[in-house]
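The values are calculated or read from the model by the stated rules, or taken from the named source; none is laboratory data. Everything quoted here is computed from the prediction, not taken from an experiment. With ideal geometry, Cβ positions are generated from the backbone for all residues, glycine too; neighbour counts draw on all protein chains shown. SASA here: full protein model, heavy atoms, side chains in, ligands and nucleic acids out. Shrake-Rupley method; radii C 1.70, N 1.55, O 1.52, S 1.80 Å.
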Amino acid sequence: MQNNARLGIMFMIATTFVFAIQDGISRHLAGNYNVLMIVMIRYWFFAAFVITIARKQSGSIRKAAATKQPILQITRGVLLSLEICVMVTGFVALGLVESHAVFACYPLLIAALSGPVLGEQVGWRRWTAIGIGFVGVLVILQPGYAVFAPAAVIPLIAALMFALYGLLTRYASRKDTTVTSFFWTGVAGAVVMTIVGAWSWEPMTSQDWAWMATLCVTGATGHWLLIKTYEVAEASAVQPFAYLQLVFASAIGVFIMGETIRPNVALGTVIVIAAGLFTLWRARQKS
């Protein structure tokens, strides 16, 4: 374990860029094929990657899989796989820009739920930041206006699911290693997606199979970069840079997918990110 903040930040920037590319490809494929099939194939590759990493770091698959809380680990893996399905559906319904703008509130949800789920103390400053952040979400969603799209609720549901996944991961870390949690994330997700996605199989063109292969490679690459990020730097030092995924995904949405950024979305996103950065700063100060 190193402590090289500059290198960690570079890895995190690379991670967010690769994940943004992954999101763009996911939106393209899900616009033409069933979301469940796309996520299922992606998870097959991801599970193979996870098993390889887990065996390398633990010495054997049995050691990597060893856990005293299997139900919790399986729940985590299933929750993340379903969250990805919901988020990709949001990409198709709303586009990358607005989906990521709403999804950016997930750190605030983690902060808000860390009390009831983990028993952590949340002070008034963080509660204030959480409240301000959700004002930003309302600015993005514009409830009560004719332009409000009910589909905007989709990435909000995905953000809640991802926040719960993050909290369960933190809870699981009290008894299990990171390698064990990573193993169950990939394997449990692959199993459940095969069960629900096999019924949605559709023939793909050779060109889209190439995109599918690229999606699988970017997914594994992004997770490898994320692992390297936390190996060389503390999470508190690099986490604020995770918001760059919103910037990169929005750029792909605007310049490649032909999306637009509405003024309320831009303003609301700034509010949400500012509130999120404040909660991260407060967590770092308290630790």
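Overview of results
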{"quantity": "In sequence order, calculated HN-Hα J values of the stretch 87-92 (Karplus, 6.51, -1.76, 1.60; Hz; x Gly/Pro)", "calculated": "5, 5, 4, x, 4, 6"}
{"quantity": "Sum of side-chain charges, LEU96 neighbourhood, beta-carbon under 11 Å (Lys, Arg +1; Asp, Glu -1)", "calculated": "-2"}
{"quantity": "Summed side-chain charge close to ILE252 - residues other than ILE252 whose Cβ falls under 12 Å, Lys, Arg +1, Asp, Glu -1", "calculated": "-1"}
{"quantity": "From the C-alpha gyration tensor of the stretch 202-287, square roots of 5λ in Å", "calculated": "31, 22, 8"}
{"quantity": "In Hz, Karplus ³J(HN,Hα) per residue of the stretch 150-159 (6.51, -1.76, 1.60; θ = phi - 60°; x = Gly, Pro)", "calculated": "x, 5, 5, 5, 4, x, 5, 5, 4, 5"}
{"quantity": "Estimated dipole of the chain in Debye, rounded to 20 [Cβ of Lys and Arg +1, of Asp and Glu -1, Cα centre]", "calculated": "1020"}
{"quantity": "Cα extents of the stretch 33-79 along the three principal axes, largest first (Å)", "calculated": "38, 23, 10"}
{"quantity": "Accessible solvent surface per residue of the stretch 1-85, calculated while the other protein chains remain in place, 1.4 angstrom probe, Å²", "calculated": "49"}
{"quantity": "Shape box of the chain [Cα atoms, principal axes, largest first, Å]", "calculated": "52, 50, 35"}
{"quantity": "GNM result for the chain, Cα springs below 10 Å: residue of GLY166, GLY115, GLY136 fluctuating most strongly", "calculated": "GLY115"}
{"quantity": "Accessible area (Å², 1.4 Å probe, nearest 10) - THR214", "calculated": "60"}
{"quantity": "Accessible surface of the stretch 1-140 [probe 1.4 Å, protein heavy atoms]: carbon and sulfur percent", "calculated": "65"}
{"quantity": "Ranked by how many other beta carbons lie within 10 Å on average, peptides 192-199, 103-110 from highest", "calculated": "103-110, 192-199"}
{"quantity": "Rounded percent of accessible protein surface that carbon and sulfur make up, the stretch 148-187, 1.4 Å probe", "calculated": "73"}
{"quantity": "D (Stokes-Einstein, µm²/s), Kirkwood Cα radius, the stretch 60-100, 0.692 mPa s at 37 °C", "calculated": "268"}
{"quantity": "The stretch 102-231 - convex hull of the alpha-carbon atoms, volume per residue in Å³", "calculated": "176"}
{"quantity": "Net +/- balance of residues flanking ALA20 in space, Cβ distance below 14 Å, scoring K and R +1, D and E -1", "calculated": "-1"}
{"quantity": "With all protein chains modelled, accessible area of PHE162 [1.4 Å, Å²]", "calculated": "60"}
{"quantity": "Compactness index (Cα Rg / 2.2 N^0.38 Å), the stretch 28-123", "calculated": "1.37"}
{"quantity": "Selected from ARG55, ARG76, ARG126 as most flexible by GNM, with the chain as the system and alpha-carbon contacts under 10 Å", "calculated": "ARG55"}
{"quantity": "Surface per residue (accessible, 1.4 Å probe) for the stretch 156-287, Å²", "calculated": "51"}
